[in-house]
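No value in this document is a laboratory result; all are computed from the given coordinates. This structure is a prediction, so every number in the text was calculated from the model and none was measured. All Cβ positions, even for glycine, are placed from backbone atoms using ideal geometry, and neighbour counts span all protein chains on display.
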Ligand SMILES: *Cc1c(COP(=O)(O)O)cnc(C)c1O
């Protein structure tokens, strides 16, 4: 490492996003992007906002907070906004966890960014092993004086935890904070946003990257009681009060004004997910019941890494994670119908070539 890097930072290990190779054209099913373009209203609003780029954006993002609040039936004082929901999650680690205070607690199999956010902020964290079926064990929601980070549906498994279970836990442990990362909730889950009106220890994060087809815009939000939102804004305003670009904020408002478009895309993705799941099960794969825009699957006789690399050679990118519990699996984004068909075809060829057809 360069000699100017602070000792404080020398042991940082950074997040590795899914690859974005440029060597050839791939069917990209590795980063959970939407196969569909953003709403025309989002594009129009962003283009209109571009005319004002000589100005700074509104540092309060009032119009955007109001639009998000309306969508989730909360007031603008219950909403903050971020440069992607990753930023909001990072703010949550920074604001609520601390050495000798509340530790961060999250499952052993979950979003790979959580441990990095914890280390980056110098806060302690504890990981809790998921059950064998990847559901949350009791001690993942039970405990006093913790900040629980729960991706719901979870990544990369797609497993959803019922809202009632989170509500009961939050009621039992008023001194613990429950941060619910709802990046994938629009693909068949149910949001905990409503709980934030009743409980001051539930914070929900959401993103425009997945169901709203705006990963490139970088827009996320947090929903919680006004006190929690003030804490997040304290961090936000200490780092960058202009953390969302004017064009992105406008695109977000445009997208929210077109809920039918988002709902229709989610419906298509859910339908493709169900087809992909049932075709893969027919071919002999074990596939979790995912409520995300991806499936999580393993074959009983072919290692996950081999499936990943064979698909890659055939021009299809999926996401393989090393690790003892999930190394047999691949996470496969639900693409367009044609992409899903190409994937099913390729998997069936691999299985036939190995003489493993059922
Ligand atoms: C994609 C994702 C996010 C956030 O992505 P942003 O693009 O930063 O909004 C957060 N949590 C999980 C589990 C995700 O998969």
Hey, any hits in segment 267-289 for a residue that's in contact (Cβ under 8 Å) with a residue 12 or more places away in the chain, within 25 Å of residue 148 (Cα to Cα) and crowded, with 18+ Cβ neighbours inside 10 Å? yes
Does residue 183 qualify as being within 15 Å of the ligand (Cβ to nearest atom) and surrounded by fewer than 23 Cβ atoms within 10 Å (Cβ to Cβ)? no
Regarding segment 296-308, can at least one residue be identified that is in contact with a helix residue (DSSP H, G or I) (Cβ under 9 Å, 6 or more places away or on another chain), part of a helix (DSSP H, G or I), free of Cβ contacts under 8 Å to residues at least 60 places away in the same chain and surrounded by fewer than 19 Cβ atoms within 10 Å (Cβ to Cβ)? yes
Reported set for segment 211-238 where residues are in contact (Cβ under 8 Å) with a residue 12 or more places away in the chain and surrounded by fewer than 17 Cβ atoms within 10 Å (Cβ to Cβ) is 226, 227, 234, 237
